[in-house]
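See structure below.
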Amino acid sequence: MINIENISLVIIAKNAELTIKNTLESLNAFDDVVLFLNDTSDKTIEIAQQFTNVNIIEGEFTGFGPTKNQAASYAKNDWVLSLDSDEVLAEDFILNLSKLSLDESCVYKILRSNYYKNREVKYCWGKDEIVRLYNRKLTSFNDNQVHEYVLEKDLTVELLSGEVKHYPYSNITDFIIKLDRYSTLFAQDKKGKKKSSPTKAFFNGGFSFFKTYFLKRGFMDGYAGLVIAFSHMATNFYKYIKLYEANKELEK
């Protein structure tokens, strides 16, 4: 049985009852799993309590970057692997990670496959590479409210072997909840710093649909491609229309 003692797994989550069980079941090899919850009202805590390697922390959400850094402060190890509550580590990923000799001059990327329900989305999203494994003594996430990322600084970036599966949306309601949340955070983060207008919101939304559905060939993903392209359109429209309103409020 694989046992990973030198890397802490850190997750932030809110109302993740639909996905957290599959995520935590894939993390049995880790001795230290930090689950940082904010304002959770579903059964996420009850599910997480079934796993003996999970340390449940409850705290305030202060934006994705700052909250991920706060969650990492509870890790027992300096090496932190940041995971979302809807991501699942494949067996080959864990096996390769257990054999890895960690280098403090490096940060490490995961290769992630994205799914809508249980179908892989190959065109709208495709596979992406994201830095997720880092030494917290040397770097951290930035302070972005949304679109946070690990600061690479002067560190070398290496790709980890194996697959991480991402299940961000279980149904249409998930799209609506997340687009409302992300667009609000975007507006809060950018108000007073970035200009917007109804025209900009309209054309950003329209181009997002065109880019996702046609340029990226989202139509090849079938029904899922249409849903995702429309969601991208709505998210970008509301990001910029909320920013427009937020800037107007500041002017008052």
Cβ-Cβ under 9 Å pairs, at least 6 apart or on other chains, region 199-214 side part of a helix (DSSP H, G or I), far side open to solvent by 40 Å² or more (accessible area, probe 1.4 Å) and of a type in the set (Ser, Thr, Tyr): LYS200/TYR244; ALA201/TYR238; ALA201/TYR244; GLY205/TYR238; THR212/TYR123
Filter result for SER101 (surrounded by fewer than 19 Cβ atoms within 10 Å (Cβ to Cβ), touching a Leu at 6+ places or on another chain (Cβ under 7 Å) and polar (S, T, N, Q)): no
Considering residues of region 19-52 that are crowded, with 18+ Cβ neighbours inside 10 Å and small (Gly, Ala, Ser) only, the residue nearest to VAL164 (Cα to Cα): SER26
Enumeration of residues in region 9-38 that are in contact with a Phe, Trp or Tyr (Cβ under 8 Å, 6 or more places away or on another chain) and among the aromatic types (Phe, Trp, Tyr): PHE36
Subset of region 140-199 (residues that are on the phi > 0 side of the Ramachandran plot, at pLDDT 95 or above and surrounded by fewer than 13 Cβ atoms within 10 Å (Cβ to Cβ)): GLY192
LYS76 under 30 Å from ASP154 (Cβ atoms), within 16 Å of the chain's Cα centre (by Cα) and either free of Cβ contacts under 8 Å to residues at least 60 places away in the same chain or part of a loop (DSSP other than H, G, I, E, B) (or both): no
Single residue of region 126-139 satisfying the filter (basic (Lys, Arg) and in a loop (DSSP other than H, G, I, E, B)) that is most open to solvent (accessible area, probe 1.4 Å): LYS137
Qualifying residue in region 54-61 (condition: surrounded by fewer than 19 Cβ atoms within 10 Å (Cβ to Cβ), among the acidic types (Asp, Glu) and farther than 19 Å from ASN22 by Cβ): yes
Qualifying position, being more than 28 Å from LEU102 (Cα to Cα) and in contact (Cβ under 8 Å) with a residue 60 or more places away in the chain, among SER170, SER183, SER161: SER170
In region 200-226, the residues that are under 22 Å from LYS127 (Cβ atoms) and surrounded by fewer than 19 Cβ atoms within 10 Å (Cβ to Cβ): LYS211, PHE214, LEU215, ARG217, PHE219, MET220, GLY222, TYR223, LEU226
Count of residues meeting criterion [among the acidic types (Asp, Glu) and either part of a helix (DSSP H, G or I) or on the phi > 0 side of the Ramachandran plot (or both)] in region 36-73: 2
Matching residues, region 9-35, being in contact with a helix residue (DSSP H, G or I) (Cβ under 8 Å, 6 or more places away or on another chain) and assigned to a strand (DSSP E or B): VAL10, ILE11, ILE12, ALA13, VAL33, VAL34, LEU35
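The values are calculated or read from the model by the stated rules, or taken from the named source; none is laboratory data. Small disclaimer: the values here were computed from a predicted structure and weren't measured. For neighbour counting, all protein chains shown are included, and Cβ atoms are generated from backbone atoms with ideal geometry for every residue, glycine included. Heavy atoms of the whole protein, side chains included, go into the accessibility calculation; ligands, DNA and RNA do not. Shrake-Rupley method; radii C 1.70, N 1.55, O 1.52, S 1.80 Å.
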